[in-house]
Structure formats: C-alpha cells, structure tokens
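What follows is a short report on a single structure.
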Amino acid sequence: MTPLISFRDAGVAFGSKQVLEGLNLDIAEGEFVCVVGASGCGKTTMLRLIAGLHPPSEGVVSYAGQAIARPRPEIAIVFQDYGKALLPWRTVSGNIELALEAAGTPRAERGAIIANLIALMGLEGDGGKFPSELSGGMQQRVQIARSLAQRPQVLLMDEPFGALDAMTRQGLQDELQRLMMQQRMTVFFVTHDLEEAIYLGDRVIGLRRNPGRIGKVFDVRIGRPRDQVATPEDPEFLRIRRELYDFIRDTEREPAS
Amino acid sequence: MNWRGAILPVSVIAAAQFAATTYGIQSDALASPVEILASLLQALADGSMIRATLETLGAALGGLLVGGSAGILAGIVLGLSGVLNRLMTVSIELVRPVPSVAIIPLFMLVFGLGFRLEIAVVAFGVVWTVLVLTRAAVAGIEPRLLEVARVLGMSRAQAIWKIVLPSALPRIFVALRLAATVSLIVAVTVEVAVNPLGLGYGMQIAQQALRPEWMFAYLVWLIIVGWSFNYLLVRIEGIVLRRMNFTGPRR
C-alpha cells in the first residue's frame with residue numbers, strides 16, 4: 001500500500017541550527033502515529049512540516065505522493081493552546097462555522113453540519129456559548145470539532161491534551177480513539193506523555209535530539225478498543241513502556257540544544 | 001459620574017458670580033457666569049449656536065471618517081506586511097510630527113476655504129495616530145490565530161475580515177476615541193485660524209467684537225459638545241465590544 005504521508009530525507013534548519021535531520025518515515029492511511037521525545041527534539045516542527053506551515057530545508061514531505069508546500073484542506077490541526085486557537089468573539093457554533101466559511105460550504109448546509117459535530121463532540125447545549133464560558137476540556141472539544149469540520153483525511157494533534165487535568169485527558173483520549181475507529185482517519189499525534197502515546201498509537205516514534213532525528217520506532221500490537229484500566233496492565237503495554245522509558249532516558253543524556 | 005467631582009467647578013462658578021455681583025466686572029476679557037449663560041441660551045434660541053455646532057461637528061466627523069478609515073486601512077496593510085512597513089516607517093515618522101495647524105497654509109492653496117479644507121486638515125491630524133495604533137494592534141495579533149486561518153485555508157481577504165480586524169478591534173476603538181478628541185480640537189483650530197465656519201469662527205467673531213460673554217458661551221458650549229462626543233463614542237464602543245464578547249483583560 002502506498003503511504004499517505006511520507007518523509008524522504010527531510011530536514012529543517014533554522015539559520016545555522018539543524019533542528020531536524022534525515023527523517024524517513026511512511027505513514028499509512030488510517031494509521032495512528034504518536035511522536036514522543038525530550039523537549040527540543042523537534043516534535044512540533046515535524047508536525048508543522050506535514051501541516052505545510054513550514055517548508056523542509058532539505059528532502060521532501062509528501063501527502064498522497066504530492067510534496068506538501070502549503071496547508072491543504074485534507075490536513076487539519078488541533079493545537080495544544082485551545083485558548084489561543086479559538087476566536088474569543090465567536091460562539092462555539094461560530095468557531096466551528098469558521099472552518100465551513102473557509103471551505104466555502106453553502107450557508108444553508110452549515111447548520112446541519114455544525115449540529116452533527118456538536119453532537120459528535122458532546123457539546124450539546126453549548127453551541128451558543130463563548131469559549132471563555134467553557135472549561136479547558138470543552139474548549140478543546142470545540143477545537144477538535146472545528147478541525148473535523150474541515151472533513152480532513154489527516155488529523156495533526158500537537159500535545160492536544162497536555163494542558164488538561166488527568167480525568168479530562170483520559171475522557172478525551174477515549175473519545176479520540178472512538179472517533180478514529182469510526183471515521184478511519186489518519187492521526188499524527190505529538191505528546192510528551194509516554195503512556196498516552198502507547199495507549200493511543202499504532203506506532204510510537206521516539207525522537208532523538210540535537211539534531212532531531214528518528215531514534216526508535218515501537219509497534220504497538222494491542223487490539224482496540226483499548227481500555228484505560230486493562231490496557232496499561234497488558235504485558236505488551238508494559239514491555240513497550242519499559243523500552244520507551246529506557247530510550248527517552250538514554251536520549252536525555254545527550255546534550256540539549 | 002461621581003457628584004464629588006462637581007464640587008470644584010460649581011464652587012468656582014459660584015465664586016466668580018459672587019465676585020462679579022459684589023465687585024462688578026469692567027473687563028473686555030471676563031464676563032460673569034450669569035451673563036455667559038444668558039448669551040449661551042440666546043445663541044441656542046436664535047439657532048446660530050446649533051448651526052455653528054453642526055458645521056464644526058460635520059467637519060470633525062468628516063475628517064475623522066476620511067482620516068480614520070485611511071489610517072485603519074494603512075495600519076492593517078503595514079501591520080501585516082513587514083516589507084511594506086520597513087519601506088514606509090521612515091516616511092511616516094517624518095510626516096507624523098508635523099503639527100496639523102502647520103499644514104493649513106498648504107491645504108488652503110489646494111482646497112481654498114470651506115468644508116473641504118477643514119475636513120482635509122482634520123484627516124491629516126488624525127490619520128497618523130490611527131495608523132500607528134492600528135498597525136501595532138495588527139502586528140500584536142495572536143500568531144496562533146493567523147496559523148488557524150492558514151490551516152483552514154482561508155483567503156487573505158477572509159483572514160483579514162474574519163480574524164485580523166475583529167482581533168484588532170478593541171485597540172482600533174481606542175485609537176478612534178483618541179482621534180475623535182483630536183478631530184474636534186483640529187476642526188476648531190482651523191476655524192479660529194482661517195475658516196469662516198462653525199464654533200471656532202463664532203468665538204473669533206465674539207473676541208473681535210469685544211464680547212467676552214459670547215466668547216465664553218462658545219467655550220462652555222464646546223466643553224458640552226466635546227464631552228458628549230466622547231461619551232457617545234465610549235457608549236458605541238462598549239455596545240459593539242460587548243456584542244462581540246470582548247470583555248475583561250483583552251481591553
């Protein structure tokens with residue numbers, strides 16, 4: 001099967017500083033890939049390459065065989081800082097509608113799409129509220145709903161649950177899992193939470209830093225749906241967790257930038 | 001408004017009236033509060049004050065409209081384009097400090113006397129403030145929002161209309177309020193200096209006729225007009241921003 005997204009010897013340099021180097025990675029359609037690594041290893045930059053927000057300094061990053069030069073409608077992002085990514089002067093519905101306005105969806109069709117997304121993300125009754133009236137977890141649901149309004153093939157998530165408390169985070173992890181199983185979307189998920197990466201991912205990519213590069217790839221062969229209680233006790237989960245911790249500890253001994 | 005704030009002006013007026021009635025005023029420069037009030041009421045009754053007010057406000061608002069929209073437009077363009085901004089900064093900083101009064105002779109040659117002159121000078125007087133503040137507001141927009149616009153595939157016009165302008169609006173309002181005050185000042189200045197129109201011209205005539213009570217009547221009326229003008233703008237701003245859910249720390 002041809003990969004949906006592929007990195008070919010891709011690298012990024014900011015001035016004389018090499019941030020990412022020699023990236024080679026294929027992501028299949030429908031795959032859930034998690035990226036972990038010590039801070040400053042270029043996780044977010046890797047995501048921005050796929051998003052088309054940053055061009056690679058060398059090599060190619062491509063979507064369905066085409067080099068990614070700018071943001072594409074098939075690729076959506078969920079940022080960590082929902083407080084900055086949502087428009088404070090628009091309601092929940094208005095924020096979701098923004099994606100439809102950008103896509104040129106006829107006004108008459110928008111209402112039904114928005115209502116669907118609000119139901120899908122468990123935001124019933126909040127459509128008329130402003131982001132500032134919602135909790136962090138609910139705001140992040142709004143941002144996910146807005147990116148889904150783009151009807152993307154690929155969802156890029158940059159530490160989407162990093163700013164949320166543990167209970168909210170687990171709830172959203174499970175909803176994300178359910179969503180992916182339903183819609184068969186490809187997900188590229190950046191996180192610094194190793195358990196989260198194993199729990200959600202089909203594959204976990206461990207990055208080394210300075211310059212950022214792919215250090216080790218872990219296949220997670222645990223069936224779905226996964227469970228917040230049972231899965232972390234699965235021997236396979238524990239084995240990968242041990243290896244991943246060893247790997248990260250090892251990368252942190254390397255000098256930081 | 002806090003009633004305690006009225007203590008000082010009311011006592012000053014009372015003292016002035018007391019002094020005027022006790023000692024009498026023989027002056028070409030002063031008048032008693034009662035005389036001033038009488039002149040003001042008379043001028044309001046015969047319509048001359050209202051006409052002058054409409055002329056001055058018309059010119060001030062016209063200039064505010066022209067200068068304000070030019071300033072907002074240019075501010076957005078320069079705030080979004082680093083290249084254009086670097087190209088224009090020196091020129092703007094050179095022209096900006098020119099006092100608006102100093103541009104009157106040149107604009108008189110171009111426009112002659114009348115409304116067009118006054119509107120042009122007011123526009124010149126407000127455009128730079130609005131431009132500089134709008135530019136700062138646009139340059140200070142949350143970068144994440146601009147990324148959201150890119151990721152959603154918005155056109156440049158869509159991004160400006162739906163994201164840049166609303167984000168910058170609270171600070172653009174601050175600029176417009178400053179500009180509104182300036183517009184009235186400049187309009188009256190032009191009238192006092194050269195233009196045979198409006199409140200400034202009325203004051204000028206009263207002064208030349210050695211009628212201090214008229215002059216003060218115009219002055220008192222100007223305070224009322226200026227205060228109301230600003231109050232109106234603050235109310236409009238409050239309504240618009242509240243409807244857009246801009247409250248608290250963003251202002």
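Taken together, the values in this text are just the output of simple stated rules run on the coordinates, not laboratory data. All of these numbers come straight from a predicted model, not from anything done at the bench. Quick reminder, even Gly has a Cβ in these numbers, built from the backbone with ideal geometry, and neighbours come from all protein chains shown.
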Here the FRET efficiency for residue A:109 versus residue A:184, based on Cβ atoms and R0 = 30 Å and rounded to 0.05, is 0.85
Fewest to most neighbouring Cβ within 10 Å: what's the order for B:32, B:39, B:91?
-> B:91, B:32, B:39
Counting other chain Cβ atoms within 10 Å of each Cβ in B:149-161 and taking the mean gives 5
Based on other C-beta atoms within 10 Å, arrange B:231, B:218 from fewest to most.
-> B:231, B:218
Anisotropy class of region A:87-151 from Cα gyration tensor, a/c 1.5 cut | prolate
Excluding same-chain residues fewer than 8 positions from residue B:162, which lysines have a Cα within less than 23 Å of its Cα?
-> A:84, A:129
Where is the GNM fluctuation largest for chain A (alpha-carbon springs, 10 angstrom cutoff): A:48, A:221, A:208?
-> A:221
Identify which of B:235, B:51, B:171 has the largest mean-square fluctuation in a Gaussian network model of chain B, with springs joining Cα atoms closer than 10 Å.
-> B:235
Residue separation times 0.36 nm, minus the C-alpha to C-alpha distance between residue B:85 and residue B:42: what's the value?
-> 10.2 nm
For chain A, divide the Cα radius of gyration by the Kirkwood radius and give the resulting Rg/Rh value with two decimals.
-> 0.97
Translational D in µm²/s for chain B (Stokes-Einstein at 37 °C, 0.692 mPa s, Kirkwood Rh from C-alpha pairs) = 159
On a C-alpha basis, how far is the centre of region B:1-78 from the centre of region B:193-230 in Å? Whole number, if you could?
-> 7
Net lengthening on full extension, residue B:209/residue B:101 (0.36 nm per residue, minus Cα-Cα) | 36.4 nm
What order do you get for A:34, A:41 when you list them from fewest to most C-beta neighbours inside 10 Å?
-> A:34, A:41
Of the residues B:173, B:185, B:108, the Cα lying farthest along the dipole of region B:30-250 towards its positive end, which is defined by charges on the beta carbon of Lys, Arg, Asp and Glu, belongs to B:173
222 nm mean residue ellipticity, helices alone, for chain B (DSSP H n ≥ 4; -39,500 (n - 2.57); rounded to 500) = -26000 deg cm²/dmol
Each residue of A:95-102 has, on average, a number of other protein chain C-beta atoms within 10 Å of its C-beta equal to 4
Size of the dipole of chain B about the Cα centre, Lys and Arg at +1 and Asp and Glu at -1 on the beta carbon, nothing else charged, in debye to 20?
-> 1320
Residues of region B:58-87 with amide N under 18 Å of the 7 Å Cα→Cβ point at residue B:94 = B:84-87
